[in-house]
Structure formats: C-alpha cells, structure tokens
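Okay, structure first, notes after.
The values are calculated or read from the model by the stated rules, or taken from the named source; none is laboratory data. Keep in mind the model is a prediction, meaning the values are calculated, not measured. Don't worry about glycine lacking a Cβ; one is built from the backbone with ideal geometry, like all the others, and counts go over all protein chains shown. Note: accessible area is taken over every heavy atom of the protein model, side chains too, but ligands, DNA and RNA are not part of it. Shrake-Rupley method; radii C 1.70, N 1.55, O 1.52, S 1.80 Å.
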Amino acid sequence: MSLYIPFHNTYARLPERFFAQQAPTPVRAPKLLAFNAPLAASLGITGADDTSLLTQVFSGSVVPDGAEPLAQLYSGHQFGNWNPQLGDGRAVLLGESNGYDIQLKGSGPTPFSRRGDGRSWLGPVLREYVVSEAMHALGIPTTRALAAVSTGEDVFRERLLPGGVMTRVASSHLRVGTFQALYARKDVEGLETLMNFAITRHYPDAQSPAEFLAAVIAAQAELIARWMSVGFIHGVMNTDNCSISGETIDYGPCAFMDGYNPMQVFSSIDRNGRYAFDNQPEIIVWNMAQLATTLVPLMPDGEAAVETFTALVHDMPNQIRAHQTRLFAAKIGLTHVREGDQALIDDLLDLMAKDGADFTNTFRSLPAGSASDQLIDRKAFGAWERRWQDRLQSEPNDPQTTLRAANPALIPRNHRIEEMISAAIEGDMAPFERLLAALATPFSDPGDFADLTRPPMEAERVHQTFCGT
C-alpha cells in the first residue's frame, strides 16, 4: 500500500494574499532519520511502511497526492522591533490532515526567504524533534515532530554543516504576526476572514472579536504558566513565534534551566534579556496587546473596543498568576491552594535562586526527603521544610502522588541535546534515539535513564543556544 495522507486544505482556500504557493525544493540524497509512527496514525496516514516514499515526501523531494504546498504570510515584532513582512522563509505547509497542519521546515527558499537559502542544518532539526516531543510528554501544548530527514547536502552557517528537514505538526500555524500582517496593510476584510477562520478552527464558542481575544489570552496564559512550571525558556518570544492556538511553536534557541536563575537567558541573540525566564509572563501579555490592536478595526466602536480589549489584556497577569500558583502548589504536593501557600512557594524558589539549585532535581527530590542535597544553605531549607511538612498535614489528597505527577524526573537537558547533535553529525543516531525514549515518560522512575537526570559538569555547561537556521 502506498503512502496516503488524507489532506483537507482549508488554509489554501483563504484569499491568495494570505500566502504564496510554493513547492518544496528536492534534495540530493535524503535519508530518513526519525519517523513518529503513532503520530502519523493519529493523522490518518497509511502506507507509512514504505520507507523510500516516506523519505522522498518528508525531505520535500516528492509532493504527496492531495497536498497544496504554500508559504504563509505574516509579520511580527522581533525583540520589540517591528518587521512588516516576514512569512515562512524556510518552511512549506503541505496541507492539513485530520485537522492538523503538516509543514516541512528547511525545505528550500520561498518568496519570504529574505535572501536566505531556505534550508536548515541538522542540529536544529533534531533539537526541535526531541524538545517538542518532550514537551508533549510533559503535557504542555506544543507542535509535534512527525519526521526528520538528512538531506545529503551541506548548508553554510559560518561553516559547512549537514542539512536536514523536519516535518512539524500543529493545530495550525496561525500566529499573532499573521494578524499583524493584515492589520499593517489596513486589510480589514482580510482580518475578518482570518479571525473567522481561527474561530472555526480553534475557538468555535467565540461569537465576537472580544470573545476571540479572550479565548486566545486564556490559552496563552495557561501555556506560559506551564512553561514556567518546568523551567522552560522559549528564548525568542517574538509575535511571529506566538501561536493563536496556544501551542508552543518555533523551537529555536529554546532551553530548559539546570540551576534555577529567574533571569536566565540562553539565546545568543537575546542580548538584553528581554525573553529571560522570569520575563516570559510579561512578554506574553505584551504580545496579546499586539493581537488586540489588530482586532480593533473589526469592532463597530473603536473607542469602546480599546476599552474592552485593554481590560482583557490587563486581566491576563491575574490569569497567569492563578495558573502558576496552582501548578507550583502541585509541585510541592498541594492540590487545595489556600492563603499562605504562595509565600511557601516563593520562599522555596528564593532559596533555590540563592544557591543556584537544580530546578528539576530539587522539586523531584521533595518526595524522597532529599531536596536539601540540592541546596547549600541547608539550615534555611530545614526551616522551610518544617513549614512545608506542617502544611502537608492538612492536605486532603496524598502529597506523594501529587508530587510525583507534577515533577518530572527527566527533561531535555542542554548538554544532552548537544551530545546528541554531535553524535548525529558523525552518523551515530543512538544518543538521539535513547534521549527520545527516555523523555517519552518524564514522570516515571528514570531507571536505566538515571544518568540523564544529572546536571552538567562545568565543562559540559551550555551557556548559549542559537536560533535554528
């Protein structure tokens, strides 16, 4: 049976000014490195046992039947600076299957490439594959990885590096920047069409621009709180990297913290710390304010719209705090939040920040009573621990169960990602496959993967991450 993808391409039915028709560019010698068979099955894909055809399709060398490849238009604020036209410069949306987008990344130039080659090197492909699947296993809304292919061609990024193509699956690739592009062009008709498309696809209960904005805000508020709860730093929270669906999208210089530092930055291009760990809740509110601006022309009364939208945006920090309190309360074993719990959470985080305690391992070791091993000031932690144990006495649910369910043992640590990429460049995919297998069950006892829970030694520490180009 040949490969079959049940495409139903609703985005391609939108006005042509929303995108550019663009076929992927074939590559010389593609090799399939990874394929997510369970995800493929959920998308209705059949005939996936034909490895040769899989390789051709997911390298961009063959366009599958039913696909209508296109590059999407969008704009965006990049580190707060307005860029009027961005768009998919190295990605092609093949179409939609079972309601999800299937997109090739690194598939060659498009009309939006801005003098780029439209390609990706293999490192970012494998990084996004592993990290996005890890985020899914952690229960955090995210794009998914369907396939990774090496191209057999080198790309130049300060030096020659092996090329790769990743196939990404998303609820959609609509971004705040998609709305900004049409707003900048004063295309009110286009904005209304786009909003109705987004409502149909993501928020069918929304009946107005205000309800649509409120729904996106709610989704993003919970998403960012979930990032914070696992120590995830996106690294490049530009409006063009902010998904309307409330999914984590565009894993460029992303990273998970080892030692807890509220102002941790890994991204090599975030020189002023705009997207530092603790700044993420503030930045997502700023991004939602930009989305709100684009929706004002769709309201009959502009002044009333500004007042309504401002109230929605100003309430967003309260939503984020509520989600964070709930999630971090669970991380210390509490399911019924009450007065004083936030102070207990904050005091632990202050101790962790003071000592640079490993974020993941400190929380994970709370059930075993060994969290003090992660901190230098054990006397101060002992005082906190006594308060915490007193509080647990009034918790109606089993704290051990709550702690285990809220605190992963395994995250994709930066040094392991770098080790995996280095091995893959040399043709060794075993570290990639092992890391992927370990991260599939992050809340379980690590067992044979216990070595992957270790923070980096000083020589292994990753100080900067780079955008995936």
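When we screen Glu128, Glu158 for residues that are over 22 Å from the mean Cα position of the chain (by Cα) and closer than 18 Å to Thr465 by Cα, the only hit is Glu158. Residue count for region 327-385 satisfying the condition of being open to solvent by 40 Å² or more (accessible area, probe 1.4 Å), farther than 21 Å from Asp258 by Cβ and touching a helix residue (DSSP H, G or I) at 6+ places or on another chain (Cβ under 6 Å): 4. Listed by first and then second residue, the pairs with beta-carbon distance under 9 Å, at least 6 apart or on different chains, first residue in region 366-388 and within 15 Å of Asp350 (Cβ to Cβ), second among the β-branched types (Val, Ile, Thr) and open to solvent by less than 50 Å² (accessible area, probe 1.4 Å), are Ala371/Thr362; Gln374/Thr362; Leu375/Thr362; Trp388/Ile332. Residues in region 235-282 that are touching a Lys or Arg at 6+ places or on another chain (Cβ under 8 Å) and among the charged types (D, E, K, R): Asp240, Asp258. Only one entry of Ala48, Ala23, Ala29 meets the criterion of being in contact with a strand residue (DSSP E or B) (Cβ under 8 Å, 6 or more places away or on another chain), open to solvent by 20 Å² or more (accessible area, probe 1.4 Å) and modelled with pLDDT under 95, and that entry is Ala48.
Checked against the criterion of being outside any strand (DSSP E or B), at pLDDT 95 or above, buried (at least 18 other Cβ atoms within 10 Å of the Cβ) and of a type in the set (D, E, K, R), the candidates Asp101, Asp65, Asp88 yield just one match: Asp88. Flag: Met420 does not match the condition of being of a type in the set (A, V, I, L, M, F, W, C), open to solvent by 60 Å² or more (accessible area, probe 1.4 Å), at pLDDT 95 or above and within 24 Å of Met257 (Cβ to Cβ). Please enumerate the residues belonging to region 1-53 that are within 25 Å of the chain's Cα centre (by Cα), in a helix (DSSP H, G or I) and over 22 Å from Asp88 (Cβ atoms). Matches in region 1-53: Ala37, Pro38, Ala40, Ala41, Ser42. Restricting attention to region 308-326, the residues being closer than 17 Å to Pro399 by Cβ and buried (at least 21 other Cβ atoms within 10 Å of the Cβ) number 0. Reported count of residues in region 424-460, each being surrounded by 12 or more Cβ atoms within 10 Å (Cβ to Cβ) and either in a helix (DSSP H, G or I) or modelled with pLDDT under 95 (or both), is 15. Can you report the number of residues in region 394-417 which are touching a residue at least 12 places away in the same chain (Cβ under 8 Å) and assigned to a loop (DSSP other than H, G, I, E, B)? The qualifying residues number 10.
All of Gly139, Gly123, Gly116, Gly152 fail the test of being over 19 Å from Ser245 (Cα atoms), open to solvent by 30 Å² or more (accessible area, probe 1.4 Å), touching a residue at least 24 places away in the same chain (Cβ under 8 Å) and not in a strand (DSSP E or B), apart from Gly116.
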